[in-house]
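First comes the structure, then the notes that go with it.
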Amino acid sequence: MGPRRLARFTNAFSKKREIHWAAVACWFAFYDFCGVHKSLRIASAVAAVIADHTWCVRRILQGIEG
C-alpha cells in the first residue's frame, strides 16, 4: 500500500500532512534498505554503497525510536 497512499480513493489515504509524510518516509526507507530487487538481487541502498548489508524492518524501527 506504499505508493497507493498518494491516491485519494484508497484505504491508505492520509488526511493529515504529518501522517502522510511519515508513511511515505517509512515506505521509502523500506524500499531502499529492506527491499531486495529482482534485477539487482540486493537492496538499492547496498547497490549505491549507502549501506553495507540489507536491513530488516526491526533495524529501521530501532533507528526511528532512538
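Only the coordinates and a few stated rules stand behind these numbers; no lab work does. The structure presented is a predicted model; accordingly, all values stated were derived computationally and were not measured. Every residue, glycine among them, receives a Cβ derived from its backbone with ideal geometry; neighbour counts consider all protein chains shown.
Key figures for this structure:
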read-out	value
Burial ordering of Asp52, Asp32, fewest other beta-carbon atoms within 10 Å first	Asp52, Asp32
Potential lengthening between Thr54 and Val36 on full extension [0.36 nm per residue; Cα-Cα distance subtracted]	5.7 nm
